[in-house]
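Below is one structure; the comments refer to it alone.
The values are calculated or read from the model by the stated rules, or taken from the named source; none is laboratory data. Small disclaimer: the values here were computed from a predicted structure and weren't measured. Neighbour counts are summed over all protein chains in view; Cβ atoms, including those assigned to glycine, are modelled from backbone coordinates with ideal geometry.
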Amino acid sequence: MIRTVAVAVLAAAAAGCGPATGGIPEINLYNAPQQNIRAIAERCNDRAGGRYRIIVNVLPRDADGQREQLVRRLAAGDPGLDVLGLDVTWTAELAEAGWIREWTGTHAERVRAGTLAKPLDTAVWRGKLYAAPYTTNVQLLWYRSDLVADAPTTWQGIMEAAGRLAAAGKPAYGEVAAAQYEGLVVWFNSVVASAGGAILTPGGNAVALGEPALRALRVMRAYANSKAADPSLPNTHEDEARLAVEGGRAAFEVNWPYVYASMAANRPEMLPYFKWAAYPGVDGPGRSPLGGANFAISRYSGHSQEAFEAALCLRDAESQKIAATKDGLPPTIEAVYSDPEMARVYPMRQAILDALETAAPRPKTPVYQNVSTVISAVLSPPAEIDPPVTLAELRRQVGDALQSKGVLP
Amino acid sequence: MTAERDLGERRLALWLCAPATLIMIAVTGWPILYSFLLSLRRADLRFPADQEWIGLANYATVLGNPYWWTAFGVTALVTVVSVAIELVLGMLVALVTFRTIVGRGVVRTVVLVPYGIVTVAAAYGWKYAWTPGTGWLAGLLPAGSAPLTEQAPAIAIIILAEVWKTTPFMALLLMTGLALVPEELLRAASMDGANRWQRFTKIVLPLMKPAILVALLFRTLDAFRIFDNIYVLTNGAQHTSSVSIIAYHNLIGGLNLGIGSTMSVLILISVAVIAFVFIRVFGAAAPG
């Protein structure tokens, strides 16, 4: 009797399917603006066969605005969020606050399988997996081979090459994003890591910043006062660095791989001599900054099982290929790089994979927002860094931030 | 007999007031008390396990922090300069519109237009106007200057936006004061040989003093809590934060309820001091 009723109900439900969404759990994805994210979500909806339906919600364009909207909703326990697109630096903060779910069992196994080690590590906090890596990113050194035959391997090398170019009356600048924002922190973190140090201790509980940080500050100060420094260095973001090279004012830039596609579109005649090399170091090989985005599942999601499934689909190899080839976002699954279509869009893909081996992730701490804000405030403008004094100030302010005593400007 | 009735009426009055009082306590008293309690705690949403009572440590942190004092200085500067300019301009506008004979309604409506525009929308207008490449005002400056990316020009633009926006409000309040000045007094003074300036300083201003003080009190309290203009124009970059902006950044952006609430309490104290000074020292009559 009960069984017949159940069957009848199921049949009615199946008959009721179609355009109406009655009964299909809606999974709300909150993600940064990305042109083809809806296409990726549609593909997953087709594959889900009615188990779930992903609704794409677009967050603000800037990272601070994205984080603010997410944390404000999570702090209020909003059940309308299921899958969250997170910057790689937010994992610790959201996990520690108890706002995102741990990935366990087969879900975690599927995330780990075939995923590159460095991006995977950005999704881990205190040994537990809290997100699924979606895209990654590394900076490379881009240079004009018509001006310099061999790419410099260190910041000192760029300064020397810039000196020679300037003396010869040629474009000499080496562009770095060094305005007072996250870009300056990214630069500092990579130079410190290249010098063999770190901003925080491995657990993220205490300030490290020893002798390597002092060397890093000396390098940044020297660079900001050298012939390589564009006069607008203290106001340069990634995009201004790209434009300076495209405009013919600069010979070098350290930047994300999107500059290659941009050069191909804006200045195709310069593309044949627009080359790439490994991120510069201090006195050995450099360690590139590590960027990217991960998917996490909200603690307050009412459909967490479906949300995990949806997130896994949104970051599977096919989805990552769409994001890579159509939106220029480097994949986190290693196998996607060997796809034939990738060779056309990513001629520099081996350099990206090499850089991912040694890339320097930013410090893992729940108070990353504060740590980053005070570092960029203390280091700006780079030309006025006074290494021992600046280091002492950094140690004090970052230490305060770790104790919840940091005040954001 | 009457005493008994008085008592009964008083009791009834209390009962009638009770619902409103309870609602006021619930919606204003409790949030203020709660934020005061939070300001005595280490209450950081990112460390839910490390919440504890820490006495006045948050106050020591905030009051010992240069960012807070920079924001306080910027707020004070914006308040004093913008309210001073608004008072002068508002008085001129009030005098002109009060004396207008032709199309008085039209003139008053036109003057009020900036006040009627949503502050955030107006602030975006100013922001784009001053952005190199898109703005008509930025185009008037020497090439390559981006006024919103430097402290002094950015603060000047914030003050300009504030003045443009709230001068009509000031003018409106002053106009009610002008209406209090008896016309025959001015005519009598004029008969006695007082010139225009003397009539203004010796008769109009003294009679308007209560209205001016109320207008100044309103505007000073408003200006001290300035938020939306700065949020849109610079969001506090290049040391242009006001106290409200810095409290917002720490409370909402930083998720640090302890530090953010401490700042809110300090802002409340500042506002209370401003009101006290106006009412007790200058003798502004409490509005209402």
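Filtering A:Glu306, A:Glu253, A:Glu240 for residues that are among the acidic types (Asp, Glu) and crowded, with 23+ Cβ neighbours inside 10 Å leaves a single hit, A:Glu253. If you go through segment A:146-170 and keep only what is more than 16 Å from A:Pro280 (Cα to Cα) and either under 28 Å from the mean Cα position of the chain (by Cα) or crowded, with 19+ Cβ neighbours inside 10 Å (or both), you end up with just A:Leu165.
Residue count for segment B:221-230, restricted to those that are buried (at least 19 other Cβ atoms within 10 Å of the Cβ) and either more than 25 Å from A:Val71 (Cα to Cα) or free of Cβ contacts under 8 Å to residues at least 40 places away in the same chain (or both): 2.
Close Cβ contacts (under 6 Å, 6 or more residues apart or on different chains) running from residues in segment A:355-374 that are closer than 23 Å to A:Pro285 by Cβ and within 9 Å of chain B (Cβ to nearest Cβ) to residues that are acidic (Asp, Glu) and in a helix (DSSP H, G or I) are absent.
Of all residues in segment B:39-77, those that are buried (at least 20 other Cβ atoms within 10 Å of the Cβ), of a type in the set (A, V, I, L, M) and under 30 Å from B:Ile157 (Cα atoms) total 3. Looking at the structure I just gave you, is B:Ile203 within 14 Å of chain A (Cβ to nearest Cβ), surrounded by 13 or more Cβ atoms within 10 Å (Cβ to Cβ) and assigned to a helix (DSSP H, G or I)? Taking the combined requirement at face value, the residue does not satisfy it.
Considering only segment A:240-257, how many residues are under 22 Å from A:Val191 (Cβ atoms) and at pLDDT 90 or above? Adding up the residues that qualify gives 12. Selection of segment A:379-399 for residues being surrounded by 19 or more Cβ atoms within 10 Å (Cβ to Cβ) and either within 14 Å of chain B (Cβ to nearest Cβ) or part of a helix (DSSP H, G or I) (or both) yields A:Leu379, A:Pro382, A:Thr390, A:Leu391, A:Leu394, A:Gln397, A:Val398. If you go through segment A:331-347 one residue at a time, how many are of a type in the set (Lys, Arg) and buried (at least 20 other Cβ atoms within 10 Å of the Cβ)? Result for segment A:331-347: 0.
Among the residues of segment B:236-265, write down those that are small (Gly, Ala, Ser) and either on the phi > 0 side of the Ramachandran plot or facing chain A (nearest Cβ under 9 Å) (or both).
B:Gly236, B:Ala237, B:Ser241, B:Gly253, B:Gly254, B:Gly258
Highlighted here are the helices (runs of 4 or more DSSP H) found entirely within segment B:29-105 that include at least 3 residues which are of a type in the set (Phe, Trp, Tyr) and within 14 Å of chain A (Cβ to nearest Cβ): B:66-99. Residues in segment A:53-85 that are away from chain B (no Cβ under 11 Å), surrounded by fewer than 22 Cβ atoms within 10 Å (Cβ to Cβ) and part of a helix (DSSP H, G or I): A:Ala63, A:Arg73.
Out of curiosity, is A:Gly328 over 17 Å from the mean Cα position of the chain (by Cα) and surrounded by fewer than 21 Cβ atoms within 10 Å (Cβ to Cβ)? In short, no.
When A:Ala172, A:Ala161, A:Ala151 are checked against the criterion of being among the hydrophobic types (A, V, I, L, M, F, W, C), closer than 17 Å to A:Tyr279 by Cβ and modelled with pLDDT under 95, A:Ala151 stands alone in meeting it.
Return the residue satisfying two criteria in turn: it lies in segment A:86-118 and is part of a loop (DSSP other than H, G, I, E, B) and within 13 Å of chain B (Cβ to nearest Cβ), and of such residues it is modelled with the highest pLDDT. So the residue we want is A:Trp99. Set side by side, the residues A:Trp90, A:Trp187, A:Trp155 differ, and just one is of a type in the set (A, V, I, L, M, F, W, C) and over 26 Å from A:Arg67 (Cα atoms), which is A:Trp155. Against the condition touching a Gly at 6+ places or on another chain (Cβ under 8 Å) and in a helix (DSSP H, G or I), how does A:Gln369 come out, does it pass? Here the answer is yes, as A:Gln369 does meet what is asked.
Residues in segment B:35-61 that are closer than 17 Å to A:Asp400 by Cβ and among the basic types (Lys, Arg): B:Arg42, B:Arg46.
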